[in-house]
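**Student:** Sharing a structure, written as structure tokens. Questions coming.
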Amino acid sequence: MNTQRTPSDETDDPTLEADVFARNCTSRPVLQNVASRWGILALVALREGPYRFSALRRRVDGVSERMLSQTLQALERDGMVHREVQETIPPRVEYTLTELGAEVADQLEALIQVVEKNMPRVHEAQAAYHRD
């Protein structure tokens, strides 16, 4: 009987501690979904409350319908977003944050605030970079 563990065994073991710096850590794809441009914007927009797909697409200006759909599916799969289909005619789909999604979105909102607050410094750094 072979008792040697393979790398795939390690990534499938939910009892292992997450370490995003480890190549095969299962937290990496989740972080990628959350920290993508559209993931960040969708999560932080949903902090404002429930959104229907079309309203969320208008709120996250510039995202394509396909990309927003893929982003929301990934975030739903990862337990960040709840999708509720309401039995109306036509059917109405509403997106909200889960408890986990709200916790993550709070942290992302703080990151956004730091970046927005420091945009003058960013612009100065960019100008200095291009001068050199």
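**Student:** Within the range 54-79, take every residue that is over 18 Å from Asn33 (Cα atoms) and either of a type in the set (Ser, Thr, Tyr) or touching a helix residue (DSSP H, G or I) at 6+ places or on another chain (Cβ under 7 Å) (or both) and give me the one that is surrounded by the fewest Cβ atoms within 10 Å (Cβ to Cβ).
**Tutor:** Within the range 54-79, the match that is surrounded by the fewest Cβ atoms within 10 Å (Cβ to Cβ) is Ser54.
**Student:** What are the residues in the range 20-69 that are under 19 Å from Val104 (Cα atoms) and polar (S, T, N, Q), if any?
**Tutor:** Once the filter is applied, which keeps residues that are under 19 Å from Val104 (Cα atoms) and polar (S, T, N, Q), the range 20-69 yields Thr26, Ser27, Gln32, Asn33, Ser36.
**Student:** Could you tell me which residue of the range 34-73 is nearest to the chain's Cα centre (by Cα), considering only residues that are within 12 Å of Gly101 (Cα to Cα) and of a type in the set (A, V, I, L, M, F, W, C)?
**Tutor:** By that ranking, first place goes to Val34.
**Student:** Same structure again: If I filter the range 69-77 for residues that are basic (Lys, Arg) and within 21 Å of Leu31 (Cα to Cα), do I get at least one hit?
**Tutor:** Yes: the range 69-77 contains one or more residues that are basic (Lys, Arg) and within 21 Å of Leu31 (Cα to Cα).
**Student:** Could you please let me know if Glu87 is loosely packed, with under 12 Cβ neighbours inside 10 Å, at pLDDT 95 or above and on the phi < 0 side of the Ramachandran plot? Steps first, answer last, please.
**Tutor:** Working: loosely packed, with under 12 Cβ neighbours inside 10 Å: yes; at pLDDT 95 or above: no; on the phi < 0 side of the Ramachandran plot: yes.
Taking the combined requirement at face value, the residue does not satisfy it.
**Student:** Sticking with this one: What do you reckon, is Gly101 farther than 16 Å from Ala45 by Cα, surrounded by 12 or more Cβ atoms within 10 Å (Cβ to Cβ) and within 14 Å of the chain's Cα centre (by Cα)?
**Tutor:** no
**Student:** Let me confirm something: among Val104, Val44, Val63, Val85, which residue is closer than 24 Å to Glu17 by Cβ and either part of a helix (DSSP H, G or I) or out of contact with any Cys (no Cβ under 9 Å at 6 or more places or on another chain) (or both)?
**Tutor:** Sole residue among the options that is closer than 24 Å to Glu17 by Cβ and either part of a helix (DSSP H, G or I) or out of contact with any Cys (no Cβ under 9 Å at 6 or more places or on another chain) (or both): Val104.
**Student:** Let me ask something additional. Might you let me know whether the range 39-48 holds any residue that is charged (D, E, K, R) and out of contact with any strand residue (DSSP E or B) (no Cβ under 8 Å at 6 or more places or on another chain)?
**Tutor:** Checked the range 39-48: at least one residue is charged (D, E, K, R) and out of contact with any strand residue (DSSP E or B) (no Cβ under 8 Å at 6 or more places or on another chain).
**Student:** What about Arg28, is it charged (D, E, K, R), modelled with pLDDT under 95, part of a helix (DSSP H, G or I) and surrounded by 11 or more Cβ atoms within 10 Å (Cβ to Cβ)? I'd like the intermediate steps shown before the answer.
**Tutor:** Values: charged (D, E, K, R): yes; modelled with pLDDT under 95: yes; part of a helix (DSSP H, G or I): yes; surrounded by 11 or more Cβ atoms within 10 Å (Cβ to Cβ): yes.
Judged against the criteria, Arg28 is a match.
**Student:** Continuing with the same structure: Which residues, taken from the range 55-73, are over 11 Å from Glu94 (Cβ atoms) and free of Cβ contacts under 8 Å to residues at least 24 places away in the same chain?
**Tutor:** Result: Arg57, Arg58, Arg59, Val60, Asp61, Gly62, Ser64, Glu65, Arg66, Ser69, Gln70, Gln73.
**Student:** Continuing with this model, one more query. Can you pull out every residue in the range 74-110 that is in contact (Cβ under 8 Å) with a residue 60 or more places away in the chain and among the aliphatic types (A, V, I, L, M)?
**Tutor:** Within the range 74-110, Val104, Ala105, Leu108 meet the criteria.
**Student:** Let me ask another. On the basis of being basic (Lys, Arg) and over 14 Å from the mean Cα position of the chain (by Cα), does Arg92 make the cut?
**Tutor:** When the stated conditions are applied, Arg92 passes them.
The values are calculated or read from the model by the stated rules, or taken from the named source; none is laboratory data. These numbers were taken from a predicted model, which means no experiment stands behind them. With ideal geometry, Cβ positions are generated from the backbone for all residues, glycine too; neighbour counts draw on all protein chains shown.
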